[in-house]
Structures are given as structure tokens and as C-alpha cells.
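Undergrad: I have a structure here, written as C-alpha cells, and I will follow up with some questions on it.
The values are calculated or read from the model by the stated rules, or taken from the named source; none is laboratory data. All values derive from a computational prediction rather than experimental measurement. With ideal geometry, Cβ positions are generated from the backbone for all residues, glycine too; neighbour counts draw on all protein chains shown.
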Amino acid sequence: MDILDRSSSPLTGEEWHRIDEAVFSTARNMLVGRKMIEVLGPLGPGVYALPYAVFGGSKPAAIDMIGDRVDSIVAAERRETINLPMIFKDFKIFWRDVEADRHLGIPLDVSVAAVAAADVVGQEDDLIFNGNADLGYKGLLTAEGRTKIKKGDWTQGGGPLADTVKAVNALNSAGHCGPYSMALSPFLYGQMVRVYGSTGMLELDQVKALLRGNVYPCSAIQGNKAVVIASGIQNLNLAIGQDLVTGYTAAENMNHIFRVFETISLLIRRVDAICTIE
């Protein structure tokens, strides 16, 4: 079934290509969660829910001479099922705009598609980091059982680096040896853009050195909050049913309605792989 129904639209293949490129480039520039968490999928647009394994605390591997120990088996602590909600935003292209652009021989104006895409990917990151109370979803900043450390004074030199070290040490103590990634509010990110002591380096560069460059400002995080995670499919996944795409929905008063949408959920397999700074 052609759920996108592109053949019913008045657009040419080249015009559809321009819309796709506007949507994808907007997503690439804005998305933060996907830079930190590995994607599982696409699983298919019709997948409503997904069962997944949840693990408890980690234990060291066994070591002996003959390998007959039975106390070193990894098994899921429990299985959970999570729904994959649809995130979507519709946009309208006026028929006269299509005709005018073609008459003038200029490329179709697809800025409206980029605006819709920005709203969708903004909602995606909000779901990943803050969850959704109406749907009963937890995000990286709201998951119960996550590790928390109290934020120090980031107005003082060394404050951001000290808190990041504490977060990494907390994750390492829980058995997560990295790699690590950090997302933080634009406000806190700005506080790291200053020279660190007498090193001649920005404090941001010091934090990036600790986290192998994986430091991202995120507009979905507000105020004085940051989160450091231990990446890896053993800890977290982004389950994607239908990846970001644009479809044609209908003609309305001769104008054309399109939809940018995706289906996605955050899978938290080991909650102690998340450490918030707040």
C-alpha cells in the first residue's frame, strides 16, 4: 500500500526531491538524540508497539581455567512493551504558487516543508529527553532510577568540567565504561564557551576532550540541566517504525496538503546508563 500517495499530488519528481532534501537537511541540522543513541529500525510504518529487554545492574564476566561457572549468565531482568507514537506536522502549498514557480521557471519554494520538518524533529528530541506525560513515556531527563548529581556553580571556571567528571565517574562506577555523550541546555552550553584557567583553551574543549567530542546543545533541554549517557545498544535505543518522510494527504480548496511524519520511541534498557546534572 502506498501510504505516501505521492502519485496523487501535482508535484513532479524533481519537486518531490526538493521537498525531501529540505526535510532531511533540516533534520540533520537539528536532531540531537540521534547523534547520541543508536537507531533500531526502521521496523515498518504499521508497527504499533515493540517488546524489548530491560537489564539490571552489570556484573563482571567470569574468569577461571575451565569455564564451568554458572553464575555469569546475562539474561533480561524483564520484558517490556512500548508503543511507537506518530509525530507529524501538516503543511500547505498553494496551487497558485506551484503554477507561478513553473511559469517563471524557478524551483518550487519548499521552505514551508522545512518549517514543518523543524517542528517534527523538535518534538522528537522533546520526546527523547523529556518524555511525554500524556502518553506515559519517560525521557532521559525523567526516567525513574537514573543517576543524578547536583549541579555545581557553572559561573565559576572549572564548574562544568568538574560536574562532567562526576557524571562520568558515576556511570563508570555503575559498570558503564563508555563511550559517553552529553546533551545540555543552550544556556549551559554557552557557559562553557570561555577560556579555561590559563590554558588558552575553552572549557568546552576540555569537556569535549573528556567525552571524545560528544557534547551537544539541545533546545529540548531547558534551564540548568544536562545529561550524560553511556552509549550503546546494551543501554539505549531509538526504535523507529517509519523514519522521517513526507506524504501527500489531500487537495483542499484546490490547494495541496502534505504531511511530514515519523513513528519513534526511546527504549531504556539500563536506566543506570543515564546520569543527569541538575
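Undergrad: Looking only at segment 231-278, which residues are within 30 Å of E15 (Cα to Cα), out of contact with any Asp or Glu (no Cβ under 6 Å at 6 or more places or on another chain) and among the hydroxyl-bearing types (S, T, Y)?
TA: T246, T249, T263
One line per residue, one yes/no per condition, for (1) touching a residue at least 24 places away in the same chain (Cβ under 8 Å); (2) touching a Ser or Thr at 6+ places or on another chain (Cβ under 6 Å); (3) under 21 Å from F24 (Cα atoms):
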| residue | (1), (2), (3) |
| --- | --- |
| N224 | yes, no, no |
| I229 | yes, yes, no |
| L236 | yes, no, no |
| I240 | yes, no, yes |
| A250 | no, no, no |
| H256 | yes, no, yes |
| V260 | yes, yes, yes |
| S265 | yes, no, yes |
| C275 | yes, yes, no |
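Undergrad: Out of all the residues in segment 79-92, which are farther than 18 Å from I240 by Cβ and loosely packed, with under 10 Cβ neighbours inside 10 Å? Steps first, answer last, please.
TA: Taking segment 79-92 first, the residues farther than 18 Å from I240 by Cβ are 79, 90-92.
Answer for segment 79-92, where residues must be farther than 18 Å from I240 by Cβ and loosely packed, with under 10 Cβ neighbours inside 10 Å: just R79.
Undergrad: Restricting the search to segment 161-182, which residues are part of a helix (DSSP H, G or I) and of a type outside the set (S, T, N, Q)?
TA: As a first pass, look at segment 161-182 and keep what is part of a helix (DSSP H, G or I): 161-173.
Correct list: L161, A162, D163, V165, K166, A167, V168, A170, L171.
Undergrad: Quick one: in segment 183-226, of everything that is exposed (fewer than 14 other Cβ atoms within 10 Å of the Cβ) and not in a loop (DSSP other than H, G, I, E, B), which residue is modelled with the lowest pLDDT?
TA: Applying the filter and picking the extreme gives V195.
Undergrad: Still on this structure: So is V23 at pLDDT 95 or above and touching a Cys at 6+ places or on another chain (Cβ under 7 Å) or not? Break it down stepwise before answering.
TA: Working: at pLDDT 95 or above: yes; touching a Cys at 6+ places or on another chain (Cβ under 7 Å): no.
The answer is no for V23.
Undergrad: I would also like to ask the following. Which numbered condition trips up Q156, out of (1) polar (S, T, N, Q); (2) touching a residue at least 24 places away in the same chain (Cβ under 8 Å); (3) surrounded by fewer than 16 Cβ atoms within 10 Å (Cβ to Cβ); (4) more than 30 Å from P10 (Cα to Cα)?
TA: For Q156, the failing item is (2).
Undergrad: Looking for something farther than 25 Å from M86 by Cα and without any contact (Cβ under 8 Å) to a residue 60 or more places away in the chain - is there at least one such residue anywhere in segment 127-145?
TA: No; the residues of segment 127-145 include none that is farther than 25 Å from M86 by Cα and without any contact (Cβ under 8 Å) to a residue 60 or more places away in the chain.
Undergrad: Here's something else I'd like to know. So, in segment 111-160, how many residues would count as being over 19 Å from C218 (Cβ atoms) and either part of a helix (DSSP H, G or I) or among the aromatic types (F, W, Y) (or both)?
TA: Selection size over segment 111-160: 7.
Okay, residues lined up against (1) in a loop (DSSP other than H, G, I, E, B); (2) farther than 25 Å from K92 by Cβ:
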position	(1), (2)
V228	no, yes
G232	yes, yes
N237	no, yes
Q242	yes, no
A251	no, no
H256	no, no
V260	no, no
L266	no, yes
T276	no, yes
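Undergrad: Right, here's the next one. When both residues are 6+ apart or on different chains and their Cβ atoms are under 8 Å apart, which pairs have a first residue that lies in segment 1-24 and is touching a residue at least 12 places away in the same chain (Cβ under 8 Å) and among the hydroxyl-bearing types (S, T, Y), and a second that is surrounded by 12 or more Cβ atoms within 10 Å (Cβ to Cβ) and not in a loop (DSSP other than H, G, I, E, B)?
TA: Qualifying pairs under 8 Å: S8/Y248; S9/W16; S9/Y248; S9/H256; S9/F258.
Undergrad: Suppose we filter segment 21-49 for residues that are more than 15 Å from the chain's Cα centre (by Cα) and among the aliphatic types (A, V, I, L, M); how many remain?
TA: So the count comes out to 5.
Undergrad: Would a scan of segment 118-125 turn up a residue that is at pLDDT 95 or above, surrounded by fewer than 20 Cβ atoms within 10 Å (Cβ to Cβ), more than 23 Å from L171 (Cα to Cα) and among the hydrophobic types (A, V, I, L, M, F, W, C)?
TA: yes
Undergrad: Among the listed residues G105, G122, identify the single one that is over 11 Å from A22 (Cβ atoms) and within 32 Å of the chain's Cα centre (by Cα). Break it down into steps so the answer makes sense when it comes.
TA: Values: G105 fails: within 32 Å of the chain's Cα centre (by Cα).
Of the residues listed, the single one that is over 11 Å from A22 (Cβ atoms) and within 32 Å of the chain's Cα centre (by Cα) is G122.
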